[in-house]
Amino acid sequence: MESITILGPVLAPGQVIDRHELVCPIGDGGMAHVWAARQRGPHGFAKLVALKVIHSRFAEDPAFRRMFFDEARIVSAIQHRNVAQVFDLGEAGSLLYLVMEYVDGEALFGLVAPQKRVPVPIALRIAADACAGLHAVHSLVDAAGRPRNVVHRDVSPQNILLGTNGDVKLIDFGIAYARDRAAAATAIDSVKGKARYMAPEQARREPLGPYTDVFGVGAVLFRMI
């Protein structure tokens with residue numbers, strides 16, 4: 001399997017980062033590589049997790065580091081079965097990573113290739129579960145009970161995982177908009193996301209809200225059927 005280079009060192013199966021033994025690469029996004037990893041503990045404890053490691057070209061960029069920290073802060077506060085959890089944020093030397101829930105399955109994107117259609121009952125179940133996860137996202141409040149106004153901004157087949165056990169999980173809050181984000185890249189005048197699933201107000205750089213993500217789910221549903 002091809003290895004991945006980050007900040008000089010080569011990441012490869014079997015390498016250990018803190019308590020995490022890399023198993024195999026499972027994804028490559030705009031900001032980071034994602035690996036399946038085995039988390040080790042005392043007395044033979046082991047747990048399979050997903051390790052999201054920031055790309056080398058962003059690791060020393062203060063703006064992208066803030067985006068990464070923001071993603072960790074936002075997602076770790078969301079507790080819902082339809083949102084993949086973030087368990088921890090770590091640094092090991094020059095490596096910056098998130099420890100996330102491992103989902104045994106694949107992205108919805110693999111089911112919506114050209115000329116493929118998802119059976120309507122299954123498509124509706126996927127869309128309903130995605131909406132349930134988004135409701136938890138949109139309902140998120142801070143310690144004082146104030147709405148955090150989180151908007152995913154990138155609801156798409158690439159960011160909806162389908163588990164072999166039937167679970168539907170939203171992932172990748174790297175470009176999410178939130179009231180209390182530190183990263184300037186979430187400003188409403190910054191267009192982020194995939195054009196095929198982007199709400200009109202998002203494309204026009206207008207204020208965003210839960211309706212922005214609901215449009216994304218509708219576009220995904222349309223693509224499925």
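The values are calculated or read from the model by the stated rules, or taken from the named source; none is laboratory data. These numbers were taken from a predicted model, which means no experiment stands behind them. Every residue, glycine among them, receives a Cβ derived from its backbone with ideal geometry; neighbour counts consider all protein chains shown. Ligands, DNA and RNA are excluded from the accessible area calculation, which covers all protein heavy atoms including side chains. Shrake-Rupley method; radii C 1.70, N 1.55, O 1.52, S 1.80 Å.
Annotations
- Dipole magnitude for the chain: computed about the Cα centre from +1 point charges on Lys and Arg Cβ and -1 point charges on Asp and Glu Cβ, it is near 420 debye.
- Rel. contact order, % - alpha carbon contacts under 8 angstrom, at least six apart, the chain: 17 percent
- Once backbone amide H atoms are built at 1.01 Å from N, LEU89 has VAL99 as its partners under 5 Å, excluding neighbours fewer than 5 places away on the same chain.
- Dividing the summed -39500 (n - 2.57) terms of all DSSP H runs of n ≥ 4 by the residue count of the chain sets its mean residue ellipticity at 222 nm at -8000 deg cm²/dmol.
- Sulfur and carbon atoms: percent of accessible area, the chain [1.4 Å]: 56 percent
- Selected from ASN159, PHE222, ALA128, residue furthest toward positive end of dipole (region 69-225; charges at beta carbon): PHE222
- On a per residue basis, region 74-187 carries 45 Å² of accessible surface, using protein heavy atoms and a 1.4 Å probe.
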